[in-house]
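The next block holds one structure in the form of structure tokens; read it before the comments.
The values are calculated or read from the model by the stated rules, or taken from the named source; none is laboratory data. Owing to the predicted nature of the structure, the values given are computational and were not obtained by experimental measurement. Heads up, the Cβs are rebuilt from the backbone with ideal geometry, glycines too, and the neighbour counts pull from every protein chain shown. Areas reflect the complete protein model, heavy atoms only, side chains present, ligands, DNA and RNA absent. Shrake-Rupley method; radii C 1.70, N 1.55, O 1.52, S 1.80 Å.
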Amino acid sequence: PHIYTPGETERYFWEVDHYQCLCSRRTEIELPVIFRILYSCGTRLNETLGIRKCDVDLNKGTLLLNETKNKNQRMIVISDDLNNLLKQYADKCFYMYSENDYIFVNAAGRRMRGDTLDTIHREILSRAGIPYIGGNYGPRIHDWRSTFAVNSFRQMGDAGMDMYVCLPILSAYMGHKTIYATEQYLQLTLDHFPYLEEKMKNKMNRIFDGRIIYEDN
């Protein structure tokens, strides 16, 4: 997966916020919200586009995800910044929707399609100066999920949390069936932030009084 750098993230969201759509003014309002949910919550694209008005609780700051990969409904807590953005979006659009309507729709009023977002995503990549390689190498929309996981591990590690204690927390938040599906992100985090691996080695050295041999594997 492609892990977006801070510079890429900044350029990408500048283009998202200034995107102009000739066919639908509503799309311009929706995009900053959609992509910030993907970035801030690590949700899958289908989960995000499947959010209905009744799934949004702006008082509690939560989103209920029903159209999930594993068919398991789950509730996620969102940040104050994202909640404030959703409140602004709700003020502009929610009056048009019934409780069971999707909150992200196309110009015809139907649920926004994933391939439409993928086309816009590639256009934003080009404008942001992020090379698109194609295929599974992306960068894909789904790579925001990987970036979320890596950044979450880093933040928890920087806060002093044991990274293997963090695994079940992140696994539940991301909607993985097993903890093993989340473990791959731990290695990605160590690859991108090697100082975290050094912190783990230091802890192991204290536990075993330095009597541990690290092998290149």
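Some points to look at:
- Of all the criteria given as (1) of a type in the set (D, E, K, R); (2) open to solvent by less than 30 Å² (accessible area, probe 1.4 Å); (3) within 30 Å of Asp191 (Cα to Cα); (4) without any contact (Cβ under 8 Å) to a residue 60 or more places away in the chain, the one not satisfied by Asp55 is (3).
- Pair list, Cβ under 9 Å, 6 or more apart: region 103-127 residue over 20 Å from Glu47 (Cβ atoms), other residue of a type in the set (D, E, K, R) and not in a helix (DSSP H, G or I): Gly109/Asp101
- When residues of region 126-145 are limited to those that are at pLDDT below 90 and part of a helix (DSSP H, G or I), the one surrounded by the most Cβ atoms within 10 Å (Cβ to Cβ): Tyr137
- Out of Asp81, Asp57, one residue alone is within 16 Å of the chain's Cα centre (by Cα), closer than 23 Å to Met174 by Cβ and of a type in the set (Asp, Glu). It is Asp81.
- With respect to (1) at pLDDT 95 or above; (2) open to solvent by 40 Å² or more (accessible area, probe 1.4 Å), the lone exception for Thr48 is condition (2).
- Test: residue in region 73-88 that is at pLDDT 95 or above, under 17 Å from Gly114 (Cβ atoms) and surrounded by 14 or more Cβ atoms within 10 Å (Cβ to Cβ): no
- Val33 meets all of the listed conditions (1) in a helix (DSSP H, G or I); (2) of a type outside the set (Ser, Thr, Tyr); (3) exposed (fewer than 15 other Cβ atoms within 10 Å of the Cβ); (4) touching a residue at least 60 places away in the same chain (Cβ under 8 Å) but one, namely (3).
- Residue match in region 7-25 (condition: within 22 Å of Ile130 (Cα to Cα), open to solvent by less than 30 Å² (accessible area, probe 1.4 Å) and of a type in the set (S, T, N, Q)): yes
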